[in-house]
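Asker: One structure follows; several queries about it will come next.
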Amino acid sequence: MILFSNFFTNINFLKIALISFFLVFVSSEANSNNDLNKIRISYDDNTSKLRVVFDANKKINYVLSSDNKKNTIKIDLKNIVTGKKFSRPKIEKKYIEFLKLTKNKNNLKFFIKPNGEFQYKYFSLEPKNNYGYRLVLDIFIETDTVKEFTKKVKKIKKGKIVIAIDAGHGGKDPGAVGRSGTLEKDIVLSISKKLYNLLKKEKNIKPVLIRNKDYYIPLRQRIKKARRYKADLFISIHADAAHNRKAQGSSVYVLSQHGATSEAAKWLANKENSSDLVGGVSIDDKENDLAQVILDLSQSATIETSIKASSILLSKLGKISKLHSKNIEQAGFVVLKSPDIPSILVETAFLSNRKEEKKLRTKKFQNNVAKALRDGIVEIIKKGII
Ligand SMILES: [Zn+2]
């Protein structure tokens, strides 16, 4: 059985990291001495995760606090005795800048400064198999070294960065219709193919088209297809429409937090969907609380990455087109809802605007959009964002 602090089950960790400077959580129970056998520290290069496990004979009584300004976590473990066998955990400099253990009577202070910005979660575990009571602290670090390492692993694993290009609509769904009858599905397919051909020339990129002809694919099917391709980035290409005929310019969307929250609930409700989630971390065999946390962490990180990536695309689009909005928009679009694939929706221009409809039909503008997106994607990869 996995126990969680109630507070943590319901909120998003990233938000905590951003808005709070100092947090204190107190666990209750236990006052007689507790034998701390070991502190284990393990590292996972693929996820940049640092896991600290405190092994004890009884349920650990502790106070955990984090200081986000100083980038530190402190845990006061109460009523702790350490036997002769107890030894300090080994530290890997790549992940930990500083770790300190101090003992004052029966209280042990654990102080850690991970190497770089981080998010964290923690939970208690009851005895199971060969293990006794445990307090687990998971720290997800973002360091350049780790980023570089992860990228290398990714390259070794997959060879190329996979970009899924999703031409919006198709088949029975024409999308927006221009005043002279231009269909969104045709324009965006043409731009998508151009982008595909440009990306194919890049050595380290493997582009895939979610649809390459005029047929209908349900939205969730598009996400599934991207996952099957093991996409590193998903870009859905569209042309906008508005009641206001004067509306014009390009815009870029990523998933909103609200859309993410409702999506996480859906994934959890459907355990079958969740089995291949989050970089090989299956959540279907875990308690729902933990699953929620994994999803939250994954989705938050994915949205973060999507925002970083989309701001580059937006600036590239700004060079070849007017921008409808200078900011990245956030919405609950279904195609953006992969919990673990950064996803961006690009509205190239307005089909409902007579001038832009004309422009959207030209090979020149279609090429310009494709080139701008290609340049953006190349920069996103160069900067190590994906
Ligand atoms: Zn559309």
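What follows is calculated from the coordinates using simple rules that are stated; it is not laboratory data. All values derive from a computational prediction rather than experimental measurement. In this analysis, Cβ positions are derived from the backbone assuming ideal geometry, glycine residues included, and neighbour counts consider all displayed protein chains.
Asker: How about segment 156-194: which of its residues are among the aliphatic types (A, V, I, L, M) and away from the ligand (no atom under 16 Å from the Cβ)?
Answerer: Answer for segment 156-194, where residues must be among the aliphatic types (A, V, I, L, M) and away from the ligand (no atom under 16 Å from the Cβ): ILE156, ILE161, VAL162, ILE163, ALA164.
Asker: Among what's in segment 54-77 and is free of Cβ contacts under 8 Å to residues at least 40 places away in the same chain and closer than 17 Å to ASN33 by Cα, pick the residue that is surrounded by the most Cβ atoms within 10 Å (Cβ to Cβ).
Answerer: ASN61
Asker: When you check ARG222 against the structure, is it part of a loop (DSSP other than H, G, I, E, B), within 16 Å of the ligand (Cβ to nearest atom), under 25 Å from the mean Cα position of the chain (by Cα) and crowded, with 18+ Cβ neighbours inside 10 Å, yes or no?
Answerer: When the stated conditions are applied, ARG222 does not pass them.
Asker: Would you check which residues across segment 368-386 are in contact with a helix residue (DSSP H, G or I) (Cβ under 6 Å, 6 or more places away or on another chain) and assigned to a helix (DSSP H, G or I) and list them?
Answerer: ASN368, VAL369, ALA370, ALA372, LEU373, ARG374, ASP375, GLY376, GLU379, ILE380, listed by residue number.
Asker: Just name the residue that is surrounded by the fewest Cβ atoms within 10 Å (Cβ to Cβ) out of those in segment 339-348 that are under 24 Å from SER315 (Cβ atoms) and either free of Cβ contacts under 8 Å to residues at least 24 places away in the same chain or away from the ligand (no atom under 12 Å from the Cβ) (or both).
Answerer: For segment 339-348, the residue satisfying everything is ILE341.
Asker: Do you know which of the residues in segment 196-219 that are out of contact with any Ser or Thr (no Cβ under 9 Å at 6 or more places or on another chain) and in a strand (DSSP E or B) is surrounded by the most Cβ atoms within 10 Å (Cβ to Cβ)?
Answerer: Among those residues, the one meeting the criterion is PRO207.
Asker: Would you check if there is a residue in segment 314-331 being in contact (Cβ under 8 Å) with a residue 24 or more places away in the chain, closer than 14 Å to LEU255 by Cα and within 16 Å of the ligand (Cβ to nearest atom)?
Answerer: Checked segment 314-331: at least one residue is in contact (Cβ under 8 Å) with a residue 24 or more places away in the chain, closer than 14 Å to LEU255 by Cα and within 16 Å of the ligand (Cβ to nearest atom).
Asker: For segment 225-242, give me the residue count where each residue is away from the ligand (no atom under 12 Å from the Cβ), assigned to a strand (DSSP E or B) and among the aliphatic types (A, V, I, L, M).
Answerer: 2
Asker: Here is a follow-up. Filter segment 294-334 for residues that are within 30 Å of LEU137 (Cβ to Cβ) and of a type in the set (Ser, Thr, Tyr); which is nearest to the chain's Cα centre (by Cα)?
Answerer: That would be THR302.
Asker: Out of (1) in a helix (DSSP H, G or I); (2) in contact (Cβ under 8 Å) with a residue 60 or more places away in the chain, the odd one out for LYS193 is which?
Answerer: Going through the list (1) in a helix (DSSP H, G or I); (2) in contact (Cβ under 8 Å) with a residue 60 or more places away in the chain, LYS193 breaks only (2).
Asker: Now for a different question. Might you check whether a residue that is of a type in the set (S, T, N, Q) and touching a residue at least 60 places away in the same chain (Cβ under 8 Å) occurs anywhere in segment 209-232?
Answerer: Looking for residues that are of a type in the set (S, T, N, Q) and touching a residue at least 60 places away in the same chain (Cβ under 8 Å), one finds none in segment 209-232, hence no.
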